[in-house]
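A short worksheet on the structure shown next.
The values are calculated or read from the model by the stated rules, or taken from the named source; none is laboratory data. Because the structure is predicted, anything quoted here is derived from the model rather than measured. Heads up, the Cβs are rebuilt from the backbone with ideal geometry, glycines too, and the neighbour counts pull from every protein chain shown. Note: areas computed on protein heavy atoms with side chains; ligands, DNA, RNA excluded. Shrake-Rupley method; radii C 1.70, N 1.55, O 1.52, S 1.80 Å.
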Amino acid sequence: MYRSRSCGSLILKDQGSEVQLAGWVHRRRDHGGLIFIDLRDRSGLIQIVFNQDNKNLHAQAEKLRSEFVISIKGNVTKRTAEAVNKNIPTGEIEVVVTSLDVLNTSKTPPIEIADATTEPDENIRLKYRYLDLRKDKMRENLIFRHKIIKAISDSLDADGFLEIETPFLTKSTPEGARDFLVPSRVNSGKFYALPQSPQLFKQLLMVSGMEKYFQIVRCFRDEDLRADRQPEFTQADIEMSFCSEKDVMDMIEKMMTETMQALEKDIDQYRGKKIPKLALPFPRMSWDEAMERYGTDKPDTRFGLELVNISDLVKEVGFKVFSGAVKSGGVVKSINVKGGAKFSRAEMDKLEAQAKQFGAKGLAWLAITEEGLKSPIAKFFKPEELEAIVKLMKGEVGDTLIFGADKTDIVNDVLGRIRLELGEKLDLIDKDSFHFLWITDFPLFEYSETEKRWVSRHHPFTAPHGNWADLEERFAKDPASIKAQAYDFVLNGSEIGGGSIRIHDMNIQRKVFKMLGFAEEEARRRFGFLLDALEYGAPPHGGIALGIDRLVMLLAGMDSIRDVIAFPKTQSAFCPLTGAPDVVDDKQLKELHIKLA
RNA sequence: GGGCCCGUGGUGUAGCCUGGUUUAACACGCCUGCCUGUCACGCAGGAGACCGAGGGUUCAAAUCCCUUCGGGCCCGCCA
């Protein structure tokens, strides 16, 4: 036996009892005759004391160094009033050691575990991840992650959902992200793909009559990495039968609320303050409205600075950039940057440079000052035209209006991004608030410029809104106007989940494949198993998948998904710890029937 | 595929712009010694980097230039 108690569990009431503890030497304070050690295990810290009552023991203690692993026996003692350390939970007590066992020594670690203020280069953190994870923050993050997953699982379990595993070695499907491929040894020249999500399997489970399925499951997408994107990531994948969109959203709201309740203390601790309770139901906003007001399908509603469409006001003005944009089917939108008039010319130039980077031709602006309107474009307008714009924008002295004029999607994209920049720059974002939001009524299709065809916005199994019978007619007329029974779940401007009601009718599914440009034969080859299944009494069904890593990151207030994943990869998809990916033996390649170019 | 930032003892940084008094500085850590109430203990002393790698410019390069490798943020990409 190495221990009878955990370090962090000791409390004042334990005084007088003899305990055995095991853990790591966190810090040592050697006073010569008296040695203090902060002993650390997963539960926390406790100060242990070596005095000179036992000379032999004291001599052993002198040799202890950072990160040595020890087991001790000792007596829990109340500290004197002056000696209490209010900074740690166990600060009222200490353990006077009576015997010491060094279980392992340690080299001086390249990461200072006890130093919470500095953070080594990420390369070093990942190479010595097992040390990095010893630090308080990382340990807390992993514990927090565990609790979130458990809360989600508990909530779904209580609701009658079954956790069912689905294959990792599966079939490559077109559409969507690039697949990770796994060569088959047994089937020469053939490949499995790792799932981008268990999408088709969970639908099949509905056909199987499982009714309510969930899985905390790894998904794989071979795309470039970002602060919030890893090639393998975890989803809470959910599917249910006989449900409407509202049923799914209601269910997720209940689950999220229960999860937030279960995590309340942890979240408050992360933020160092009480976080207000969530307001229910979460706001639901159509995709059209989100694009109109925020220029994005994942609006950060923690602050204002909304986009306002001023096309009607400017379609006849002399300024061709504005009127021309409207006349050619585009749009002119404006943001009232409250207090923006204080920006210097250089700051406005920088903002414009950013807008150009985002794809704008320029960024017009108009400052409302005590001395009147200041703007490089004012001279192109009649005074009453400017007045009307300022009035519509509710402009006041001290504000700056910025404008985007172009094709609708460019204006939305540019101003949407500029809005986020300004939100940060003007410090308008309450970092300790949680704005959950549903975006609904997505377009079913969008046109892909690269592929020169209509592609699914969500995925090809998404059910359209409206009458399914005249789907082809609607598609022929105006593909972009067809809305989907699809919804995204947004938190603070991040997409943390998305789902849809699926097509459960083989004929409709077949038609959608056709619209997407799959020949009958190809659809059969790629998705035949799904089409078959839909012919055997497939119930209406739908579901959603939540990105666990992002959710944990946002709730914990971290800036990178890597801080809530035990062993993540670098931006170049490399693992400094293991050295993966790496070359393999010729023998292995040969068995897999693979010849390198 | 593209843009921007970074790389200096074990760790985090300064120095670089404006090349030469730099024997490359500081903090943490590490080592030795002293110390019985510290808790980021204190005090005294010490070791440790030729500046990511390669090339170039120059009398002289951590410093300027080019190439390359690695890390980060972003665009593209991510149904």
Check: For the range A:81-92, does any single residue satisfy the condition of being under 30 Å from A:Asp132 (Cα atoms), in contact with a Leu (Cβ under 8 Å, 6 or more places away or on another chain) and open to solvent by less than 10 Å² (accessible area, probe 1.4 Å)?
Finding: yes
Next item on the list: Kindly list the number of the only condition in (1) more than 13 Å from RNA strand B (Cβ to nearest atom); (2) open to solvent by 10 Å² or more (accessible area, probe 1.4 Å); (3) of a type in the set (A, V, I, L, M, F, W, C); (4) in contact (Cβ under 8 Å) with a residue 24 or more places away in the chain that fails for A:Ile548.
Entry: (2)
Check: Can you tell me which residues in the range A:574-588 are surrounded by 13 or more Cβ atoms within 10 Å (Cβ to Cβ) and in contact with a strand residue (DSSP E or B) (Cβ under 9 Å, 6 or more places away or on another chain)?
Finding: A:Phe574
Next item on the list: Those residues that are part of a loop (DSSP other than H, G, I, E, B) and closer than 13 Å to A:Ile88 by Cβ, I need them from the range A:1-37; list them, please.
Entry: A:Leu10, A:Ile11
Notebook entry, point to check: Which number in (1) open to solvent by 80 Å² or more (accessible area, probe 1.4 Å); (2) over 23 Å from the mean Cα position of the chain (by Cα) marks the one condition that A:Phe168 misses?
Noted result: (2)
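If you check A:Trp454 against the conditions, is it more than 30 Å from A:Leu305 (Cα to Cα), of a type in the set (Phe, Trp, Tyr), open to solvent by 40 Å² or more (accessible area, probe 1.4 Å) and within 16 Å of RNA strand B (Cβ to nearest atom)?
In short, yes.
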Check: Where in the range A:416-512 are there strands (runs of 3 or more DSSP E), lying fully within it, with 3 or more residues that are within 23 Å of A:Arg526 (Cβ to Cβ)?
Finding: A:445-448, A:453-456, A:494-501
Item checked: Residues being within 6 Å of RNA strand B (Cβ to nearest atom) and under 39 Å from the mean Cα position of the chain (by Cα) - total across the range A:21-44 -> 1
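Take A:Ser494 and tell me if it is within 19 Å of A:Phe282 (Cβ to Cβ), surrounded by fewer than 17 Cβ atoms within 10 Å (Cβ to Cβ) and out of contact with any His (no Cβ under 7 Å at 6 or more places or on another chain).
Values: within 19 Å of A:Phe282 (Cβ to Cβ): yes; surrounded by fewer than 17 Cβ atoms within 10 Å (Cβ to Cβ): yes; out of contact with any His (no Cβ under 7 Å at 6 or more places or on another chain): yes.
Criteria met by A:Ser494.
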Check: In this structure, does A:Ile152 turn out to be touching a helix residue (DSSP H, G or I) at 6+ places or on another chain (Cβ under 9 Å) and either open to solvent by 80 Å² or more (accessible area, probe 1.4 Å) or not in a loop (DSSP other than H, G, I, E, B) (or both)?
Finding: yes
Next item on the list: Within the range A:111-149, track down each residue that is open to solvent by 60 Å² or more (accessible area, probe 1.4 Å) and either assigned by the TED database to the domain that holds A:Arg28 or not in a helix (DSSP H, G or I) (or both).
Entry: A:Glu112, A:Ala116, A:Thr117, A:Thr118, A:Glu119, A:Asp121, A:Tyr128, A:Arg134
Next item on the list: Test A:Asn507 against the stated conditions and say whether it is of a type in the set (S, T, N, Q) and crowded, with 16+ Cβ neighbours inside 10 Å.
Entry: no
Checklist line | Residue in the range A:555-577 that is away from RNA strand B (no atom under 14 Å from the Cβ), free of Cβ contacts under 8 Å to residues at least 60 places away in the same chain and either over 22 Å from the mean Cα position of the chain (by Cα) or closer than 30 Å to A:Arg417 by Cβ (or both) present | finding: no
Check: Here are some residues: A:Ala193, A:Ala177, A:Ala227. Which one is within 16 Å of RNA strand B (Cβ to nearest atom) and open to solvent by less than 20 Å² (accessible area, probe 1.4 Å)?
Finding: A:Ala193
Next item on the list: State all residues of the range A:420-477 that are β-branched (Val, Ile, Thr) and under 19 Å from A:Glu245 (Cβ atoms); if no residue qualifies, say none.
Entry: A:Ile439, A:Thr440, A:Thr462
Next item on the list: Taking A:Ile429 as the residue in question, decide whether it is surrounded by 14 or more Cβ atoms within 10 Å (Cβ to Cβ), of a type outside the set (Ser, Thr, Tyr) and within 16 Å of RNA strand B (Cβ to nearest atom).
Entry: yes
